[in-house]
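Report on the structure given below.
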Amino acid sequence: MTKNFHVGIVDFETYLPEKTITAEELSELVDIPAEILREKMGINRKHVGGPEDHSAMMATKASKKLLERNNIDPNDIDMILYAGETYCEYVCWTAAIKIQNELGADNAYAWDLGFRCAGTPLALKVAKDMMKSDDSLNTVLITGGNTNAYLIDYKDKNQSFMFDMSPAGLAILIKRDHMENEVLGTGIITDHVFCDDVIGKWGGTLYPITDEIAKDPEKLRKARLIHLTDPKGMKKRLAEKSLPDFTGAVRKALNKSNLKKEDIDFIAINHINPKAHYAIMGDLGIDKEKTVYLADDGHCGHADQFLALGHGLSKGIVKEGDICALLGAGTGYAFGCTMIRWGKTR
């Protein structure tokens, strides 16, 4: 790392749809007892999207609120990095450019990064690395939305690990030489043994939606949703590999930041079941009090880490000078962690 090069988070914002569904209401939809949803799957409630809650739209809502609160002129933004879901408003479309248009950020250039629900840590790394190599990048907006909740087949019990999915939007403003909330190192792992396990099978070039499918309501319903190619095999592989992959990303981030696991004061993890969440913390030796579990939000994709960080700040768990690990995973499978030093840089 270049000496005296710093990138800091100016502020962040999340957008969540107003409508929610409780564990009891979800229970009726998926035919799983509410106590199982709450205790084993960690879902007290989750958010439900409305007609205006699409990926780029939600990212735009979060971005506008963030810029307004911080009195930022959109023309002061040098780059917009959309790190949200590629399942969005349209196919073959660059969401970031639409967001640029909605914000009126005429001096920026805008582009998309697709990394599923591990996109936020990778986006922080990529933006910081680009700023390090390009002196013209001083202010960067990282934004994203997630609408994978709309792809879940609630009739398929094999997809129950995704029943927590919620739509959401995220915006993060980072600046060169902003001496607060410093972005430190990032660790990334991609575990290719899962590469074809979770896919939107139909509608791509390999498996187009045929007239036969379009004429059959049930086939068409399934074709529009997520497909698991090998549920039993994936479950076995996840049991073996997810914990070391999650913690491996954290250890890589610590190494890149010249930190030890004992230095972690707070960890923000994307919503997974409680057993897995606390297993990660146990493996790293992090006290259970040093986190916020998103039982009342669900898995909001790219926004999860900053939702948890926001809760941690409001609850007084995250304090000045704390080292925060922002950890996420996305299907594929990808695992990413970025370390943040919250507060003023000493």
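For (1) under 28 Å from H47 (Cβ atoms); (2) assigned to a strand (DSSP E or B), each residue gets a yes or a no:
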site: G169; (1), (2): yes, yes
site: L173; (1), (2): yes, yes
site: E182; (1), (2): no, yes
site: G185; (1), (2): no, yes
site: L225; (1), (2): yes, no
site: M234; (1), (2): yes, no
site: L238; (1), (2): yes, no
site: S242; (1), (2): yes, no
site: G248; (1), (2): no, no
key: N138 vs. criteria farther than 30 Å from I21 by Cα and at pLDDT 95 or above   = yes
Which numbered condition L243 fails, given (1) crowded, with 16+ Cβ neighbours inside 10 Å; (2) within 23 Å of the chain's Cα centre (by Cα); (3) closer than 19 Å to G187 by Cβ = (1)
note = Filtering region 9-34 down to residues that are polar (S, T, N, Q) and in contact (Cβ under 8 Å) with a residue 60 or more places away in the chain yields T14
message = Taking the condition of being surrounded by fewer than 22 Cβ atoms within 10 Å (Cβ to Cβ) and either touching a Cys at 6+ places or on another chain (Cβ under 6 Å) or not aliphatic (A, V, I, L, M) (or both), how many residues in region 62-77 meet it?
response = 10
ask   = Mind checking whether some residue in region 213-220 is farther than 30 Å from D296 by Cβ, in contact with a helix residue (DSSP H, G or I) (Cβ under 6 Å, 6 or more places away or on another chain), modelled with pLDDT of 95 or more and β-branched (V, I, T)?
value = yes
key: Enumeration of residues in region 13-24 that are in contact with a helix residue (DSSP H, G or I) (Cβ under 9 Å, 6 or more places away or on another chain) and either in the same structural domain as Y278 (by TED's automatic domain parsing) or within 25 Å of G145 (Cα to Cα) (or both)   = E13, T14, Y15, L16, P17, I21, T22, A23
inquiry  = Here is a list: T229, T186. Which entry is under 30 Å from P121 (Cβ atoms), at pLDDT 95 or above and in contact with a Cys (Cβ under 9 Å, 6 or more places away or on another chain)?
reply    = T186
request  = Give K236, K232, K290 a once-over and let me know the one that is in contact with a helix residue (DSSP H, G or I) (Cβ under 9 Å, 6 or more places away or on another chain) and either under 16 Å from T338 (Cβ atoms) or free of Cβ contacts under 8 Å to residues at least 24 places away in the same chain (or both).
outcome  = K232
ask   = Where residues in region 308-334 are more than 14 Å from T291 (Cα to Cα) and hydroxyl-bearing (S, T, Y), which of them is surrounded by the fewest Cβ atoms within 10 Å (Cβ to Cβ)?
value = T331
query = Among the residues of region 267-309, how many are of a type in the set (V, I, T) and under 16 Å from the mean Cα position of the chain (by Cα)?
reply = 4
ask   = Any idea how many residues of region 203-229 are surrounded by 14 or more Cβ atoms within 10 Å (Cβ to Cβ) and within 16 Å of N158 (Cβ to Cβ)?
value = 5
note = Taking region 294-305 and keeping residues touching a strand residue (DSSP E or B) at 6+ places or on another chain (Cβ under 8 Å) and either crowded, with 24+ Cβ neighbours inside 10 Å or within 18 Å of G316 (Cα to Cα) (or both) leaves D297, G298, H299, C300, G301, H302, A303, D304, Q305
query = E18 passes all but one of (1) more than 21 Å from G330 (Cβ to Cβ); (2) in a helix (DSSP H, G or I); which number fails?
reply = (2)
ask   = If L173 satisfies every condition in (1) surrounded by 16 or more Cβ atoms within 10 Å (Cβ to Cβ); (2) free of Cβ contacts under 8 Å to residues at least 24 places away in the same chain but one, which is the exception?
value = (2)
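The values are calculated or read from the model by the stated rules, or taken from the named source; none is laboratory data. Just so it is clear, the structure is predicted and the values come from calculations on it, not from any experiment. Methodologically, a virtual Cβ is constructed for each residue, glycine included, from the backbone with ideal geometry; neighbour enumeration extends over all protein chains shown.
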